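As C-alpha cells, the structure follows; a few thoughts come after it.
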Amino acid sequence: MTPPSAPRRPSLALLVAAARGEPRLFAVSVAGSALWGCMTVASASVLGAITDRVVLPAFATRSVDARALAAAGAAVLAVSVAKAVGIMGRRLGGGVVQYRLQARDRYAVTRRYLALPPAWHAAHPSGQLLATAGADVETSWLPMGPLPMAVGVVVMVVVAAVAMLLADVQLALIALLVLPALFAVNVVYRSKVTPVATLAQRRRGEVSAIAHESFDGALVVKTLGLEETETDRFAVAANAYRDAQIGVGRLHGVFDPVLETLPRLGVLAVLAIGATRVSHHELAPGALVEVAYLFTLIAFPVQAVGWVLGELPGAVVAAGRVAAVLGAPGELPVGDGHLPVAGAPAGLALQQVSYAHPVITSGTNQTEHTGGVVGVDGRPDPPDPAALALEAVSVDLVPGSTVAVVGATGAGKTTLAGLTVRLVDPTSGSVAVDGVDLRALAAGELAGVAALVPQQTFLFDDSVTDNVTLGEPVDPAAVRAALELAQAWDFVAALPDGPATRVGERGVTLSGGQRQRIALARALVRRPRLLVLDDATSAVDPAVESAILAGLTDAGLRATVLVVASRPATIALADEVLLLDHGRLVARGRHTDLLADTPGYADLVSAYARADAQRRAATGGGR
C-alpha cells in the first residue's frame, strides 16, 4: 500500500529546525566554518604579500632575506593552524549535530510507533515504517553535513570579495561574475531534482515494505512455491527504485560538470586579463596572484552551497514523512487515576461496550470508522450497527473467577480481549478495572495489574530468561516458578543451555506450543491481578492445557482470568462462560447449564472438539 503523502516542511524551516535543535554545537560548527573561510582568504593575502616581498625581491637580488623568509613562514604557519582549527570545529560540530538530530528523531519516531494503536499499524506496512525510522530519518538531516561549510563559504565569499576589490577592482568584478552564474545553476538544478528525489524516496520505502513482507512471510512463500512470484514482485519495485535513482544520477551528471567548469573558466579569465595587465605594468604580480589564488580557493567550496541545495529536496521529502508519523492521530489518551495497590484479584466490568474496527484513510491523518470519521479527539460518529465487532456488551466479572469467552469465528472474542487491556478504546460504553474507567488511568497503571497473552506469540532472538523477564530485574527463582506454572520448565531445562538458551528470531527453534508457554510465563512472572488469555494455549496439547489452567488455581494466583477458549475441557474449567454471537452477548452461565439450556451451544463446543481432534491427528499432537 502506498503511504499517504506527507506534509512537507519548507527547506528554510528544516535548516532553522536543525539550528534550534542543537544551538550550541551548531554555533560551534558555524564559527569553525567562518574561521576556516576567513583564514582561506587570509592565506591568499599572505601568498600575495610573500610574492611581492619575498619571491620577487629574491629574483631581483638573487638572495633571500632570512628575516623576511622567517616572517613569511610564520605567517603561513599561523594561517594554516587557524585554518585547521576552523576545519576541526566545522566538521566535528556539524557531524555531531547531524548524528544527534538523527538519533533524536529516530527515538521520537520509535516512541510514536509504540504509542499509536494497533489499528494504525494495521493500515501501514511494517517495511514502510522501518524505512521511515531508518532511511527517512537519516536523509532528513543529511544537509547538516555540508551546511556549516556552506555557511563558512558565504562568509568566505564576502571577505574574499572585499579582499579582491581591494587588490584590483577590474579582476575582482570579472571573478565575481561567475558566482551569480553558479547560484543560478544551483537553483535550476534544485527545481529539476526535487520531483525526481521525491519519487526516489517513495520508491525506496516501497522496496523496504516488499522486502519486509517477504521475510515475514518466508514460510508461506516457501511452502506455496512462490519464490519466483515474490522475486518478480520485488524486482518490479527494485527496478522502479533503480530508475528513480538513475534519474537523480542523470541530473547530477548534467549539472556537476557545469558547476566545476564555471569556476575554472573564471580563473582562466582572471589569469588571461591579469597577465596582460602585469605585462603592461598596470598590475602588481602579487595582486594577480592574490586574486587568482583567492578565486581558485573559493571556486570549489562554493559548490558546498550546491551540495546543501542538492540534499535539500530529498531531505524535505523525508522530513515530511517523519513529520507525518510524529503527527499521526490515534494515541489513546491517559488520565491521572490509580488502581488500589493490593494483591487481590481485579474486578472487571464492561458497560454497554460497542466497538467498530477503524481504518486509517489513505491520504489523510484521520481514522475512519465504517459509520463516521474519528478525529484526534477520538469521538466518532455512530457506526453502522451491521459493522460492529461488539455491540452493547455488558458484563461484570467476579474478582478471582475464571471466565471463558466462547463464540464462532468473527464473534468478537479477540476484540473483547483487546478492550480489557486497552489495546483499543470502545466506540461507546466503558471498560473498568476495580471500578476505574481504563481511560482515566495514568500511563502504565493498567500494565501493572493486567497481562494479555495473545494466540500469536512473539519471542525475541534472546534467551528464554530474557524473553520471560524482558529485561526487568526478576529473581531467577520467580522465573523458574513462572515457567513451571506454564508447564514449560521441563522442556526449557532440557535445552542446551537451559533457561540461558537463545531461541532464535521469533522463537524459531521452538514449537508453537513451546512458544505459547514461554509467552504465558512472561505474563505470570509479573503476578497480574487480571490475566487475559486470547486462545493462548491453542497450540498446546489438551492435557498440558488442562494442567496449566488447573495450576493457575492450585498455585494460588490471585488473579481474575478471562480466557478465550474453544476446547471443551478448557471451557469446563471456567467458573462462568460468556457466549458471543456476531458481537453480541447472547448467553452466560456455567458450562453444564449452557449445554442444557442454550440452543446451538452444544453444537459449537462439539464442533470445536472435532476440529481440535482433526488438527492433532494431522500434526501428530501438540507439544
Given H placed on each backbone N at 1.01 Å, which residues far from residue 390 in sequence or on other chains put an amide H within less than 5 Å of it? 355
Percent of alpha carbon pairs in region 107-199 separated by more than 16 Å? 73
Using only the alpha carbons, work out the radius of gyration and Dmax of region 11-326 in angstrom. 25.9, 91
What nm value, rounded to one decimal, do you get for the distance between residue 276 and residue 527 when each label is placed 7 Å out toward the C-beta? 9.5
Before anything else, pin down the relative contact order of region 11-326: Cα pairs under 8 Å, at least 6 apart, normalised by residue count, whole percent. 31
Cα-based Rg of region 75-233 per 2.2 N^0.38 Å, rounded to two decimals? 1.61
Taking residue 83 as the anchor, which aspartates and glutamates have their alpha carbon closer than 20 Å to its alpha carbon, excluding any fewer than eight residues away along the same chain? 290
With +1 on each Lys and Arg Cβ and -1 on each Asp and Glu Cβ, how big is the dipole of region 11-326 about its Cα centre, in debye rounded to the nearest 20? 620
Projected onto the charge dipole of region 202-285 (unit charges on the beta-carbon of Lys, Arg, Asp and Glu, signs +1, +1, -1, -1), the Cα from 229, 208, 284 with the largest positive-side position is that of 284
Lys/Arg +1, Asp/Glu -1 at C-beta; region 11-326 dipole; positive extreme among 199, 184, 44: 44
Can you give me the pair-distance distribution of region 161-251, C-alpha pairs, 5 Å bins, whole percents? 3, 12, 13, 11, 10, 8, 7, 7, 6, 5, 5, 4, 3, 3, 2, 0
Cβ charges +1 (Lys, Arg) and -1 (Asp, Glu), total dipole of region 45-158, debye: 240
Table column - 3J(HN,Hα) (Hz), region 127-137, Karplus curve with 6.51, -1.76, 1.60, x for Gly and Pro: x, 5, 5, 5, 4, 5, 5, x, 5, 5, 4
Counting other Cβ atoms within 10 Å of each Cβ, which chymotrypsin sites (Phe, Trp or Tyr not before Pro) in region 387-496 have at most 12 and sit in a DSSP loop? 458
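Taken together, the values in this text are just the output of simple stated rules run on the coordinates, not laboratory data. The shown structure was predicted, so the numbers you read here are calculated from the model rather than taken from an experiment. Here Cβ is always computed from backbone atoms with ideal geometry, including for glycine, and neighbour counts include all displayed protein chains.
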